[in-house]
Amino acid sequence: MVIDPQRRSWLCGSPRCGRRSRLPATPAAARETVVAHLAEHALGERLPAHLRSCRCRAVGCPWHRRTGACTGLVVLSLFRRRNGHMWYLADVCEGCTRAIRGAAEVPVRSPVAPVPGHRADQRAARGRRGGGEATSPRQQRLAARAALMYTAASLEASVGPEARLLAVVCTLRVRPSGLSPLPPGLLKVLQIPGPAALAELQAAGWLRYLSRAQNGGPAVFLPELVGRPGRLRAGQWALRALADRRLAGSGARARLAALTVAAWQEESGVPFLLDPDGGARVCGLECPEAFEVALAGIGAVGLLDRWRTVGAGLLLCTPAR
């Protein structure tokens, strides 16, 4: 949730909500309003216990200094950032909760369990039976977001943009066996030096290259993703986005920025919010200003109409029609 003290308003950052309202006059009443709205999300969007995971780790642990691997149980945590202008309510492991300054565990008084027969549970069950593939455009964008955040968290900052772009696509195309097919046409679409990018990821211990996998073709093995549902259709969606003719001749950083913009927009032509810190992290850039330079590059080729800074440093982006 974003607090705009100049306009005396708040904006919910949840993609399903996006509610904007005026802040009460007193700070105490403003805090009560914010906490009450976050409580609505906590009660209405609870996940089954086996689906809860550390969201801090998923986005690259940006809210605290690195402390190693996640530890402890996953708890519901409430914390503020940027002088209280941004409020977060997220599932975070106990290790990250202790590392985040000012974080407080929110007690869950009722068991976190799905309601029997609920339509969302039935859809999730059908998705698991069908291999977990992302089928709708929204599901594909969400899968691309998850892949971008996963690679940002699991790759060292020294990994170059070509290897990072290959890692994102391999993550989206991985199968439950941990194998991600690597046909020759894939590297042509990405327009990257395949051997160098593969060698960089293999030297980092992130994957293992197999010249001939079980199906006879080349593939990479991602040990951390064994048993995860496949997202092959999301991988195809990402390749279509990266194969856009307007990106011809663009470097890997520009392609990562373009994929980030495509993954975070909700609908064609509808403005959406981007965090420049997170954008720089998923693109392997050193600072938010460098991410805005990358946005200028994809804006110049017609993939982004305009963007401007709003409350708490977020970017309000308008995609090209």
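Coordinate-derived values only; no laboratory data. Only a predicted model underlies this, so the values are computations on that prediction, with no experimental measurement involved.
Taking only the alpha carbons of the stretch 161-217, we obtain Rg and Dmax values of 10.7, 29 Å in that order.
The convex hull drawn around the Cα atoms of the stretch 133-244, when projected onto a plane and averaged over every direction, covers 6.4 nm². Residue separation of SER14 and THR33 scaled by 0.36 nm, minus their Cα-Cα distance, works out to 5.2 nm of gained length. Compared with the alpha-carbon gap, the fully stretched path from LEU73 to ARG98 is longer by 7.8 nm at 0.36 nm per residue.
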